[in-house]
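See structure below.
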Amino acid sequence: MKIENFKFRILLGVILLLLIIVVWGSMATVSQAADSSWSAEYWNNITLTGSPVLQRTEANLNYSWGSASPAPGIVNSDNFSARWRRSVYFPSGSYRFTATMDDGLRVWVDGVLIIDSWWDSQVHSLTSDVYLYAGDHQIEVQYYDVGGQAVAQLSWAALGGITTPVPYTNWKGEYFNNMNLSGSPALVRDDAAINFNWGSGSPDWTVLPADQFSVRWTRSLAFNSGRYRFTITSDDGARLWVNNQQIINAWSDHPSQTYSGEIDLPGGSVPIKLEYYENVGGAQIQLSWMQVTAVPQPTPPPVSTSATGVVQTGRLNVRYGPGMQYGIITQLTQGQTVSLAGYRSADNHWVMINWGGSTAWVSGLPAYLSTNVPVSSLAVWQGTVPDTGGPTLPTSATGRVANCYYLNLRTGPGVNYYIIKSVPAGAVVTLLGRNTTSTWAKVRLTDGTVGWMNAGYLIKSLSINSLPVVN
């Protein structure tokens, strides 16, 4: 009897052990797969607004509906939108996400937008490589169809198993699907050199449009001590920082032009940052540099005080420093003569003048100031500015588009400038400044885009004459 009891206890122990293993194994599986299917929502509009007409779970996101409906009798066959959400477990490593769509689709991983193709299109595919640490990650996909074929597909695959993030040995290039370097980059890559002339093409057709994109390149390089001249050629805007100092600022729409700036470097590792945007037309950006002197040279003495400038525009702002970020001291009028103090900014855009027993700065561009000596012959200012002044913009200055169906936002104050986009009636913009005749207002849209609008079609929160005159 004792032997039988002993055997029964052994059998009971084995059964309990098996139960523990099964339960533990199922728990481990759950911890590595938060969701076994997609949570799907569908709308009978293309904006994912209002209450969804259908909610359901779906095993895979791999649809090619053609001209049919995702759910006949419930969801439209055209002009519908959908959203899928899911939590997925990933081991540590790099993954390539591939999306195929017709029309618009975008993908987020842990709240970061990694694929963005939110426009009417034919069937096409985009990829994005993402490094993920081990654990559950949230995936969200949004989609819309306006007509014709309807395709929405998403998949991913590990790249070479368990990996670590790829280091950037050259230029880290971050490419954005907008002109103001905002949000998450659509593409990040290691660029061997900044020497691009894309023409009317795209840096990468799979993720970037041919127009209205921007790029930021960063890198640290070793330099011997001395003065260096950095040169960029761009179409459109570009600006350059060397050793955390901005030495070139050409942040405006323009055809291919070359700019240069000089800086003294102490030697050693130097951080460099170049930002660029393309609006419309050709796309080009190049960066180069050369050593000018073997050792840093002191700022040359000013040229003769006989150097003068005559104001060419109706109003010319006198500022504390060489840039629009500096506060306005006063304004000069057309025909007024000023004495040049002998210094200029590195990009030739600003000149120092003698003013009120001290010095100040004005634009040195020929459209604003005519000088009796070449601006390039003046010494490059290497000193500091005594007072940044700060922007002189009124707070909460807004305008509302009125008296038209759409109002064009342009690159400059006049109908001869390029159109950036058309803004519908009722839209509210932030007022940044005006032109000298107060007929055009410089504004910023809610998406951050900056441009010029005809002031006659804006209902303004204050008198336009109270805004500063800006370039």
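When the chain is described by a simple charge dipole with +1 on each Lys and Arg Cβ and -1 on each Asp and Glu Cβ, the residue from ASN244, PRO70, SER155 located farthest towards its positive end is ASN244.
Residue separation of ASN79 and VAL146 scaled by 0.36 nm, minus their Cα-Cα distance, works out to 23.7 nm of gained length. Across region 361-376, computed HN-Hα scalar couplings (Karplus, 6.51 cos²θ - 1.76 cosθ + 1.60, θ = phi - 60°) run 10, 9, 5, x, 5, x, 5, 10, 9, 9, 10, 8, 9, x, 4, 5 Hz from first to last residue, x flagging Gly and Pro. You can think of it this way: the chain between CYS404 and ALA158 has 83.3 nm of extra reach, that is 0.36 nm per residue less the Cα-Cα gap. Cβ-to-Cβ counts within 10 Å put SER121, SER128, SER202, SER220 in ascending order as SER220, SER121, SER202, SER128, the fewest first.
Here the calculated FRET efficiency for GLN257 and SER92, from their Cβ-Cβ distance with R0 = 56 Å, stands at 0.75, rounded to the nearest 0.05. Across q = 0.14, 0.26, 0.29 Å⁻¹, region 398-466 modelled as identical point scatterers on its alpha-carbon atoms has Debye log10 I(q)/I(0) values of -0.32, -1.24, -1.55, in the order of the q list. Quick one: Debye curve from the alpha-carbon atoms of region 171-293 only, equal weights, vacuum; give me log10 I(q)/I(0) at q = 0.09, 0.21 Å⁻¹ to two decimals. One equal scatterer on each Cα of region 171-293 leads to -0.24, -1.17.
Modelled spin-label separation between SER39 and ARG444, with each label point placed 7 Å from Cα along the Cα-to-Cβ direction: 3.6 nm. In terms of other Cβ atoms within 10 Å, THR57, THR98 run from fewest to most in the order THR57, THR98. FRET efficiency for the PHE196 to ARG315 pair, using the beta carbon distance and R₀ = 35 Å, is estimated at 0.35.
Taking amide H positions as modeled 1.01 Å from N, with prolines and chain starts lacking one, the residues under 5 Å from ASN178 and 5 or more places away or on another chain are SER214. For region 245-268 and region 402-425, what is the separation of their C-alpha centers, rounded to whole Å? Going from one Cα centre to the other spans 30 Å.
Stretching HIS124 away from THR206 to a fully extended chain increases their span by 28.7 nm, per 0.36 nm per residue minus the current alpha-carbon distance. Here region 134-159 and region 79-120 have alpha carbon centers that stand 4 Å from each other. For ASN408, the residues 5 or more places off, or on other chains, whose built amide H falls under 5 Å of its own are VAL423. Taking only the C-alpha atoms of region 31-120, the Rg (one decimal) and the largest Cα-Cα distance, Dmax (whole number), read 14.2, 43 Å.
Dipole check for the chain: with +1 at the C-beta of Lys and Arg, -1 at the C-beta of Asp and Glu, and the Cα centre as origin, the magnitude is about 960 Debye. Helical content of the chain, expressed as a calculated mean residue ellipticity at 222 nm, amounts to -2500 deg cm²/dmol (DSSP H runs of 4 or more residues, -39,500 (n - 2.57) each, divided by residue number, nearest 500). The ellipsoid that matches the Cα gyration tensor of the chain has semi-axes, each √(5λ) in whole angstrom, of 57, 31, 19, with the longest given first. Net charge in the neighbourhood of SER87 (other residues with Cβ under 13 Å of its Cβ; Lys, Arg +1, Asp, Glu -1) is -2.
Modelled spin-label separation between VAL188 and GLN291, with each label point placed 7 Å from Cα along the Cα-to-Cβ direction: 3.4 nm.
In terms of surrounding Cβ atoms within a 10 Å radius of their Cβ, LEU458, LEU105 rank from fewest to most as LEU458, LEU105.
A straight line joining the Cα centroids of region 195-222 and region 304-371 runs 35 Å. Between the Cα long axis of helix 2-31 and the first principal axis of the chain there is an angle of about 30°, rounded to the nearest 10. Spatially close Lys pairs in the chain, defined by Cα atoms under 29 Å apart and a spacing of eight or more places or different chains, total 6.
Simple spin-label estimate for LYS172 and ASN60 gives 3.8 nm between the two label positions (7 Å along the Cα-to-Cβ direction from each Cα). Normalising the average separation of contacting C-alpha pairs (under 8 angstrom, six or more residues apart) by the number of residues puts the relative contact order of region 38-158 at 33 percent.
Laboratory data are not the source of any read-out in this text; all were calculated from the coordinates shown. Since we're looking at a predicted model, the values are computed, not measured. Don't worry about glycine lacking a Cβ; one is built from the backbone with ideal geometry, like all the others, and counts go over all protein chains shown.
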